[in-house]
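Colleague: My questions will all concern the structure given below.
The values are calculated or read from the model by the stated rules, or taken from the named source; none is laboratory data. This structure is a prediction, so every number in the text was calculated from the model and none was measured. Note that we place each Cβ from the backbone using ideal geometry, even for glycine, and neighbour counts take in every protein chain shown. Protein only, heavy atoms only, side chains kept; ligands, DNA and RNA dropped before computing areas. Shrake-Rupley method; radii C 1.70, N 1.55, O 1.52, S 1.80 Å.
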Amino acid sequence: MAGHGAFLRFVVFSVLVAVAFGSQRIPHLLDLLHPRADVTIPSGYVSNRSEAFRFRTRVDHLDVQNRATFEFDYVSNDAYYRPGGPIFIIVGGNNALNAYFIENGLFHDIARDAGAWLFSNEHRYYGRSSPVEDYSTPNMRFLSVEQALLDLIEWIDHLRREVVGDPNAKVILHGLGYGGAVAIWARQRFPSLIDGAWGSTASVIARVNFSEYGEDMGETIRVLGHDDCYGIVWRGFRTAENLIDAGLYGRLTEMFRTCVPLQADDPLTIETFFYGLKSSFEAEMYGQASPDSVRHMCDELMADPADTALEVLANFFERRYGSFDCVPFDFESNIASSMYEEVGAPNNADYGIRQRLYQLCTEFGWFLTSSTGDSPFGTRITYRYFIDTCRAVFGEWIDQDVVYDGVRLTNLHFGADDPRVTNVVYVNAQFDPTRFVSITEYNNLQANAFVIEGAVVTLDWMPESVTDSEDLRRIRQEIVAYVRGWVEGIMIGGRESEMELEEDKNERFTIMQKQ
């Protein structure tokens, strides 16, 4: 699922998360938009209750003259299916297919009670579901939400008619991060085929300059950590900027042990340095999917005896990257993980790095800038840095106009913050900044949006745990009520829970008796 993580779990753009999450390998760059949603999936999970299949569809649904086809992977779990039951689908996102999600979790548990047949698909271009021979720039043209939606719809029609054998079966979708957005967009586009969709951290609003992300990270440091912690980060970044302005590049190169020296004639590497430093804090705050991570980070920063805030940041950095001879925070290293064109290269097949970047550059934006001065992470990370990254990876044809036009069309096609869609549920976390490109309030009586109080990631898709907050338990009950309502053809209409729905029925029955 979302590889949030995180969009997420989870991204935007690339960071050295391998080291931040405890790996002893040389850091490689991974998308942080949605990486955090699946951090609790057991490493090396092996499916034991699902069957694997492939489905053949067209490479280009939008060109009638192009008759080329390809196959994408999907998995099936009919352990709980009862004739006449619904079809439940975990919608593939920007990651390789993982059967974990149709064998575990809340959606799986609802399917068991509802007698549903569970499926999950792999999104085109991710994993091994490639419609092209390689991922050279010309071959990336078939990677888009529109193409993925038509893959999904053709496959669902096949499942209904040829696999389940029930052309009228109800179809309910669920997804995490980008997969959640695809699920909701499928319901929006094809309401006669999709009966309901639930998205966890569904990033449905494209945005070029996503400065709110860093600003909200700063606010989270204040709320879950301490004002003094925020101050250390703020002063540390500003001091680093002052050294750059004074031409003291060598001082920063030495303190943070960058592989390539920072210097005036390499502004992209300077921006990469600030972006990498900020991303180290991001991984620390959200990597373990717990608010305690922010508190522990702040305790560590405030306990450091160093004389200056910049030294505190350098010490924080050294404790995470100290096992390496140097840290590759230069621009060329930053884009290197996106330059592989082989379909089977691990960066593509396992992590989808090049593919994710292509979609950011052409459809979504979500560039994690910090140029407004309203975050503690300085002012040196500009949207031009990300556009230059797109150009360096995919060619000079990607410029500001291409990026802005792609974002505009995505929002035009799907409605952005006014999607006017029914039978959907959006779930976000209070301290997850990706909620700013999702829906957190929705007034449609046939849809709803929930925000889990006190959470840094949306773990609504997980089964119940003794560590769950009361608000998370309540929202899970809401989700169950909506999904069951879609299956049974009942309009929940924004009621608070199944219990309230039943009480309302009883009240109306009592009134009828009195009449």
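Colleague: Which percent, to the nearest 5, of DSSP beta bridges fully inside the chain are antiparallel? The partial results should precede the final answer.
Modeller: Details: 16 of 41 bridges.
Of the beta bridges lying entirely in the chain, close to 40 percent run antiparallel.
Colleague: Sticking with this structure for a sec: Which of the GluC sites (Glu not before Pro) found in the range 436-488 are loop residues per DSSP with 14 or fewer other Cβ atoms within 10 Å of their Cβ?
Modeller: On the way: sites: Glu441, Glu453, Glu464, Glu470, Glu478, Glu488; in loops: Glu441, Glu453, Glu464.
Of the GluC sites (Glu not before Pro), the ones in loops of the range 436-488 whose Cβ has at most 14 other Cβ atoms within 10 Å are Glu441, Glu453, Glu464.
Colleague: Which whole-number percent gives the relative contact order of the range 61-205, counting Cα pairs below 8 Å spaced six or more residues apart? Intermediate results must be reported in sequence, preceding the final value.
Modeller: Values: 253 pairs, mean separation 37.4, N = 145.
For the range 61-205, the relative contact order is 26 percent.
Colleague: Using a 1.4 Å probe on the protein heavy atoms, what percent of the accessible area of the range 173-276 belongs to carbon and sulfur? Before the final figure, lay out the partial values.
Modeller: Values: 1670 of 3340 Å².
Carbon and sulfur together cover 50 percent of it.
Colleague: Here's another thing I want to ask about it. Run the simple label-point estimate for Asp265 and Glu300 please: 7 Å along Cα→C-beta, distance reported in nm.
Modeller: 3.8
Colleague: Counting only the backbone N, which residues of the range 127-168 are under 20 Å from the spot 7 Å out from the Cα of Glu341 toward its beta-carbon?
Modeller: 127-144
Colleague: Find the all-direction average of the projected area of the Cα convex hull for the chain, expressing the result in square nanometres with one decimal place.
Modeller: That works out to 25.4 nm², a quarter of the Cα hull's surface.
Colleague: Mind checking the range 313-402 for chymotrypsin sites (Phe, Trp or Tyr not before Pro) that DSSP puts in a loop (not H, G, I, E or B) and that have at most 11 other Cβ atoms within 10 Å?
Modeller: Values: sites: Phe316, Phe317, Tyr321, Phe324, Phe329, Phe331, Tyr340, Tyr351, Tyr358, Phe364, Trp366, Phe367, Phe377, Tyr383, Tyr385, Phe386, Phe394, Trp397; in loops: Phe324, Phe329, Tyr340, Tyr351, Phe377, Trp397.
Hits after loop and neighbour filter: Trp397.
Colleague: Say each of Val402 and Thr372 gets a label point 7 Å from the Cα, pointing the same way as Cα to Cβ; how far apart are those two points in nm?
Modeller: Taking the simple label geometry, Val402 and Thr372 are separated by 2.8 nm.
Colleague: Something else now. What translational D, rounded to a whole number of µm²/s, comes out for the range 209-408 from Stokes-Einstein when the hydrodynamic radius is the Kirkwood one over Cα pairs, at 20 °C and 1.002 mPa s?
Modeller: Numbers: Rh = 17.8 Å.
Diffusion coefficient, whole number: 121 µm²/s.
Colleague: Give me the percent of accessible area attributable to carbon and sulfur for the range 104-152, probe 1.4 angstrom. Show your work: numbers first, answer last.
Modeller: On the way: 610 of 1350 Å².
Ligands and nucleic acids excluded, carbon and sulfur reach 45 percent.
Colleague: Can you pull out the GluC sites (Glu not before Pro) in the range 316-419 whose DSSP state is coil and whose Cβ has at most 16 other Cβ atoms within 10 Å? Provide the component values of the computation, followed by the final result.
Modeller: Working: sites: Glu318, Glu332, Glu341, Glu342, Glu363, Glu396; in loops: Glu341, Glu396.
Within the range 316-419, the qualifying GluC sites (Glu not before Pro) (loop, at most 16 other Cβ atoms within 10 Å) are Glu341, Glu396.
Colleague: Just reorder Phe431, Phe273 by solvent-accessible area, largest first, 1.4 Å probe, all chains present.
Modeller: Numbers: Phe431 20, Phe273 0 Å².
In descending accessible area the options line up as Phe431, Phe273.
Colleague: A further question on this structure: Under the definition of Cα pairs under 8 Å and six or more residues apart, what whole-number percent is the relative contact order of the range 209-408? Intermediate values should be presented prior to the final figure.
Modeller: Values: 248 pairs, mean separation 63.0, N = 200.
Here the relative contact order equals 31 percent.
Colleague: Given the Cα-Cα distance of Arg319 and Thr379 and 0.36 nm per residue of separation, how much length would full extension add, in nm? Could the numbers behind the result be given before it?
Modeller: Numbers: separation 60, 0.36 × 60 = 21.60 nm, distance 2.50 nm.
Result for the pair: 19.1 nm of gain on full extension.
Colleague: Would you please put 183-191, 415-423 in order of how densely packed they are, using the mean number of other Cβ atoms within 10 angstrom per residue and starting with the highest?
Modeller: On the way: 183-191: 23.2, 415-423: 16.0.
With the highest mean Cβ count within 10 Å placed first, the list reads 183-191, 415-423.
Colleague: Can you tell me the accessible area per residue over the range 209-408, all protein chains present, probe 1.4 angstrom, in square angstrom? Intermediate values should be presented prior to the final figure.
Modeller: On the way: 7560 Å² over 200 residues.
With all protein chains present, the range 209-408 gives 38 Å² per residue.
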